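Here the structure is laid out as structure tokens; the discussion comes afterwards.
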Amino acid sequence: MRNLAKYFLRVAFVAMLSVAVYSCSDDDNDDAVADDFKVQFTLPQSVDLFRGGDLYFSVIDGEAPLTSDIMMLESSGGVFYNCAISNVSESSFAVSVPADFETGTYRAYLKRGDRRKLYGTVSINIIEGAVITPDEGTTVYGQVMCAGAGVKDVVVSDGVEVTVTDAEGVYQLKSAKKTGYVFISVPGGYEVPSDGVLPRFAMHLRAEAATPERVDFTLNEAFGQDTYKVFFLGDMHLANRTKDLEQFKDFTDDLNTYMAAHSGEKMYAITLGDMTWDLYWYDNKYELADYLKTANDAFKNLQIFHTMGNHDNDMNATSDFDAEVRYRAVIAPTYYSFNIGKVHYVVLDDIDCSAYDGTDSRNYSKKISDEQFAWLEKDLSYVAKTTPLVVTMHAQVFKPGNATSYVIDHDATNTNRLFDVLAGYKVHFVTGHTHQIYNVTPDNSNSGTSLDFFEHNAGAICASWWWSGNLTPGMHIATDGAPGGYAIWDVNGTEFKYLYKGTGYGENVQFRSFDLNNVCFNDESVKGISTDTKVQNAWKKYADAYPANNKNEVLINVWNWNPKWTITVTGEDGKALTATPVQAYDPLHIAAYTAPRFAKGANSVPGFITEMHPHFFKVTAPSADADLKITVKDEFGNTWTENMARPKEFSVKAYMPK
């Protein structure tokens with residue numbers, strides 16, 4: 001049974017204030033840490049610490065630090081805490097830990113002047129509140145607290161077992177510790193502290209499987225959380241290549257500018273996977289920890305929840321579990337849930353790497369594991385059917401079937417099993433992977449189900465894997481012609497409004513129009529193209545799609561289109577013209593990326609070239625110089641209009657962000 005007597009904590013006086021600082025100088029890089037300190041001490045694998053207390057270390061052979069030294073503790077999120085050293089003797093010394101220090105695993109350095117030395121890793125568990133005597137068989141237990149009081153009915157899980165906290169905020173799990181962590185489903189109306197951009201809802205486990213260990217969680221009350229914004233951040237593919245880090249700054253500047261314009265509103269972000277590119281973990285030495293530092297340097301006061309992508313798995317692994325090891329250590333659990341306001345968010349991993357063979361073959365399948373299904377059923381047992389669900393996964397649920405409908409993209413049995421688990425809820429899937437944008441509703445999905453499910457395949461920050469901006473600076477454009485960018489959702493209670501914002505463009509840019517009288521691709525467009533037959537044939541489909549013609553046709557790309565939107569095109573006389581939905585190759589993507597790639601003369605077909613896609617409309621104008629008025633309206637009453645003066649120039653420069 002539990003003994004819930006409260007501790008009265010003694011907070012030690014410290015001579016020097018300990019503060020948390022973000023690493024942002026070369027001095028904080030591992031390349032600069034070599035040193036020959038004559039300091040030896042025992043660094044335990046893990047230690048429990050009462051909040052406000054000091055850490056004590058045993059000195060070896062009398063080689064103690066100086067009181068002028070600093071112990072630097074680096075969190076898994078790349079945040080450094082500079083901690084003062086006091087009470088130094090030949091046998092021990094004390095380290096003053098700041099009051100806002102949180103439970104986690106830290107790398108411990110000793111810093112003397114401008115030099116520092118890494119001593120190892122220590123897991124520090126901050127204990128506050130109640131004494132808990134775990135029940136027989138319990139291996140993971142703890143307390144969830146807010147402002148010194150336990151919080152009831154918080155869902156806690158190790159990825160297998162799921163439970164809730166009692167009236168004192170105490171939980172107990174009979175965990176086999178398979179996943180190596182424990183996490184809470186952050187309840188609505190609360191937030192967790194941040195470790196840089198990472199919300200601290202999950203903690204790594206430290207002890208052996210059969211050894212009981214305590215892990216506490218802290219919540220902070222979030223007032224007015226029913227109304228907020230969520231940014232969905234699709235594929236980033238940061239790899240330190242094709243000037244991607246320079247181009248990524250275009251995105252981070254754009255989002256920071258947007259957030260500054262909406263200061264005072266609550267804002268959160270969720271990635272959709274492929275923050276990194278597994279091949280370049282090894283080739284360019286840029287991996288998940290580097291991405292995290294990049295994100296921490298770019299964003300302040302923004303919690304980013306993460307979804308795992310196929311390229312966030314270790315390609316050299318030989319099992320799905322091992323492929324996830326680095327991600328779990330650096331970023332987050334691969335599946336979990338949380339609540340913001342009145343909405344329940346579920347993050348799933350639909351990339352199965354069981355067939356990985358230790359090479360760069362990356363033979364993955366797009367499906368959800370049995371373990372996730374078992375966990376999800378338990379998680380949802382605590383969620384009312386009236387609660388809307390937002391489910392993020394990396395790989396898409398549906399794919400385009402034709403210009404107006406969508407079909408299940410992969411493993412129909414596995415997908416329908418997911419539908420069965422989610423039946424009865426209103427569900428919005430938000431996915432990435434395709435680097436394209438499309439929206440699937442119950443009206444345009446040929447899934448054989450009448451369930452209240454939507455999918456938002458939400459585009460990519462990197463657009464065409466950063467290639468278009470590398471070849472044509474300033475032009476972030478994906479293979480479907482959508483601008484690289486991010487989705488913005490406004491949430492009010494249980495209602496959603498969603499918008500896509502292209503990097504560098506205003507929110508008013510929601511479509512592009514092309515005067516096809518002025519669009520033409522031919523051999524002149526790709527001077528230097530290889531004579532290889534496969535390469536020639538690959539280019540030919542674009543030349544065939546856009547030969548020289550004077551049919552007075554106008555092509556309109558409405559990238560975030562869904563069946564609830566309307567498009568109206570009128571001529572100079574005010575009469576409506578028919579806008580016919582079509583699948584098409586985006587001319588701007590061909591001009592900005594595909595043609596320049598073919599023109600480089602490689603003897604193989606370039607990657608990431610323009611793809612046929614829906615969300616296009618074609619209109620025939622009365623004459624070559626007839627102006628048009630194009631009006632697009634979404635289901636929320638937003639209206640975007642272009643008064644299209646024709647003939648309209650077609651060039652990459654004409655479509656650049658202003």
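The values are calculated or read from the model by the stated rules, or taken from the named source; none is laboratory data. The structure displayed is predicted, hence computed values, not measured ones. Counting neighbours? That spans all protein chains shown, and the Cβs are built from the backbone with ideal geometry, glycine included. Accessible surface areas use protein heavy atoms only, side chains included; no ligands, DNA or RNA. Shrake-Rupley method; radii C 1.70, N 1.55, O 1.52, S 1.80 Å.
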Revision key, fill the gap. For region 342-434 (alpha-carbon point model, no solvent) the Debye-based log₁₀ I(q)/I(0) at q = 0.19, 0.20, 0.23 Å⁻¹ works out to -0.97, -1.05, -1.27
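Add -39500 (n - 2.57) for each DSSP H run of 4 or more in the chain, then divide by its residues: what number comes out at 222 nm, to the nearest 500 deg cm²/dmol? Walk me through the numbers before you get to the answer.
Working: 10 runs with 90 residues, N = 658.
Here the helix-only value at 222 nm equals -4000 deg cm²/dmol.
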**Study point:** Cα-projected label distance for residue 382 with residue 284, points at 7 Å along beta-carbon direction, nm
**Key:** 4.0 nm
Practice item. Grab the other residues whose beta carbon is less than 14 angstrom from that of residue 635, score K and R as +1, D and E as -1, and report the net. Key: -1
**Study point:** Diffusion constant of the chain at 37 °C, which comes from Stokes-Einstein with the Kirkwood Cα-pair radius and 0.692 mPa s, µm²/s
**Key:** 121 µm²/s
**Study point:** Integer Hz, Karplus 6.51/-1.76/1.60 couplings in order for region 85-95, x for Gly and Pro
**Key:** 9, 9, 6, 7, 9, 5, 10, 6, 8, 10, 10
Check your understanding: So what's the Cα pair-distance distribution over region 503-639, bin width 10 Å, in %?
Key -> 11, 36, 31, 17, 5, 0
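How many Å² of accessible area per residue for region 553-599, probe 1.4 Å? Please report the intermediate quantities before stating the final value.
Numbers: 1640 Å² over 47 residues.
Result: 35 Å² of accessible area for each residue.
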Revision key, fill the gap. For residue 51, the net charge from surrounding residues (Cβ-Cβ under 10 Å; K, R +1; D, E -1) works out to -4
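Convex hull over the alpha-carbon atoms of region 474-569: what's its volume per residue in Å³?
On the way: hull volume 15.2 nm³, N = 96.
Cα-based convex hull of region 474-569, divided per residue, equals 158 Å³.
Below 12 angstrom from the Cβ of residue 529, what's the summed charge of the other residues (Lys, Arg +1; Asp, Glu -1)?
Net charge around residue 529: +2.
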Exercise for review: For residue 249 and residue 112, calculate 0.36 nm times their separation in residues minus their Cα-Cα distance, and state this gained length in nm to one decimal.
Suggested key: 45.9 nm
Practice item. Over region 445-513, give the accessible area per residue in Å² for a 1.4 Å probe, as an integer. Key: 28 Å²
Review point. Sorted by average packing, counted as other Cβ atoms within 10 angstrom per residue and highest first, what order do 550-557, 231-238, 341-348, 220-227 take?
Key: 231-238, 341-348, 550-557, 220-227
Check your understanding: Which value, in debye to the nearest 20, describes the size of the charge dipole of region 64-140 about its Cα centre when Lys and Arg Cβ atoms bear +1, Asp and Glu Cβ atoms bear -1, and nothing else is charged?
Key -> 580 debye
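Only loop residues by DSSP count here, and only those with at most 11 other Cβ atoms within 10 Å; note down the trypsin sites (Lys or Arg not before Pro) in region 467-536 that meet that. Walk me through the intermediate numbers first.
Details: sites: 497, 501, 512, 527, 534; in loops: 527.
Taking region 467-536 and a limit of 11 other Cβ atoms within 10 Å, the loop trypsin sites (Lys or Arg not before Pro) found are 527.
Could you give the alpha-carbon Rg of region 268-373 over 2.2 N^0.38 Å, rounded to two decimals? Spell out each step's value before the answer.
Values: Rg = 14.2 Å, N = 106, 2.2 N^0.38 = 12.9 Å.
Normalised Cα radius of gyration, region 268-373: 1.10.
Quick one: work out the % antiparallel among DSSP beta bridges in the chain, nearest 5.
Numbers: 107 of 140 bridges.
Taking every DSSP beta bridge with both residues in the chain, the antiparallel ones total about 75 percent.
If you roll a 1.4 angstrom probe over the protein chains with everything in place, what fraction of the accessible area of region 109-240 belongs to carbon and sulfur, to the nearest %?
Numbers: 2150 of 4430 Å².
Carbon plus sulfur share of accessible area: 49 percent.
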**Study point:** Considering only region 385-526, percent of DSSP beta bridges that pair antiparallel, nearest 5
**Key:** 60 percent
Study note, to complete from the structure: XL table 300/633; 527/653; 266/378; 249/648; 243/564; 38/293; Cα-Cα > 27 Å flagged, in table order, is 300/633; 266/378; 249/648; 243/564; 38/293
Practice item. Using only Cα atoms, figure out Rg for region 179-293 and give it as a multiple of 2.2 N^0.38 Å. Key: 1.32
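Report, as a whole number in µm² per second, the diffusion coefficient that Stokes-Einstein gives for region 409-494 at 25 °C and 0.890 mPa s using the Kirkwood radius over alpha carbon pairs. Display every interim value, and only then the final one.
Details: Rh = 14.8 Å.
Translational D for this selection: 166 µm²/s.
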Check your understanding: Ordering 426, 658 from largest to smallest accessible area (1.4 angstrom probe), what's the sequence?
Key -> 658, 426
Point to revise | Binned Cα-Cα distance frequencies in region 285-333 - 5 Å width, integer % | key: 5, 19, 29, 24, 14, 6, 3, 0
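Per residue, what accessible area does region 203-339 have, given a 1.4 Å probe and all protein chains present, in Å²? It would help to have the intermediate numbers written out before the result.
Details: 4760 Å² over 137 residues.
Normalised by residue count, the accessible surface of region 203-339 is 35 Å².
Can you run the Rg to Rh ratio on region 107-205? Use alpha carbon positions and the Kirkwood inverse-distance Rh.
On the way: Rg = 16.1 Å, Rh = 15.3 Å.
Taking Rg over the Kirkwood Rh, I get 1.05.
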**Study point:** Inter-centroid distance (Cα atoms) of region 303-343 relative to region 398-446, Å
**Key:** 22 Å
**Study point:** Centre separation in Å (Cα based) which lies between region 591-607 and region 67-101
**Key:** 54 Å
Review point. Karplus couplings for region 340-348 from phi (6.51 cos²θ - 1.76 cosθ + 1.60, θ = phi - 60°), rounded to Hz, Gly and Pro as x?
Key: 10, x, 9, 10, 9, 9, 10, 10, 10
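Looking at the square roots a ≥ b ≥ c of the eigenvalues of the Cα gyration tensor of region 389-445, which shape do they give, rounded for a/c under 1.5, prolate if a/b is larger than b/c, or oblate? Each step should come with its number before you reach the end.
Numbers: a/c = 1.44, a/b = 1.34, b/c = 1.07.
Because its axes are fairly even, with a/c under 1.5, region 389-445 counts as rounded.
Suppose R0 equals 22 Å; then what is the FRET efficiency for residue 47 and residue 176 from their Cβ-Cβ distance, rounded to the nearest 0.05?
With a Förster radius of 22 Å, E is 0.35.
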Point to revise | Accessible area of residue 600 in the full protein assembly, 1.4 Å probe (Å², nearest 10) | key: 130 Å²
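Please give the per residue volume of the convex hull enclosing the alpha carbon atoms of region 575-646, rounded to a whole number of Å³. Please report the intermediate quantities before stating the final value.
Details: hull volume 10.0 nm³, N = 72.
Cα-based convex hull of region 575-646, divided per residue, equals 139 Å³.
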**Study point:** Anchor residue 426: aspartates and glutamates whose Cα lies under 19 Å away (excluding residues fewer than 8 positions away in-chain)
**Key:** 226, 377, 379, 443, 452, 455, 490, 495, 635
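Just to check, using Stokes-Einstein with a Kirkwood Rh over alpha carbon pairs, what's the diffusion coefficient of region 364-518 at 20 °C and 1.002 mPa s in µm²/s?
Numbers: Rh = 17.2 Å.
Reported coefficient: 124 µm²/s.
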Review point. Once label points are set 7 Å from the Cα along Cα→Cβ at both residue 527 and residue 651, what is their separation, rounded to one decimal in nm?
Key: 1.6 nm
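On the protein heavy atoms, probe 1.4 angstrom, tell me the percent of accessible surface of region 390-520 carried by carbon and sulfur.
Details: 1690 of 3700 Å².
So the carbon and sulfur contribution to the accessible surface is 46 percent.
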Check your understanding: Dipole magnitude of the chain about its Cα centre, charges +1 at Lys/Arg Cβ and -1 at Asp/Glu Cβ only, in debye to the nearest 20?
Key -> 1100 debye
Review point. What length, rounded to one decimal in nm, is gained on full extension from residue 603 through to residue 627, with 0.36 nm per residue of separation minus their alpha-carbon distance?
Key: 4.3 nm
Point to revise | Binned Cα-Cα distance frequencies in region 90-146 - 10 Å width, integer % | key: 15, 37, 29, 15, 3, 0
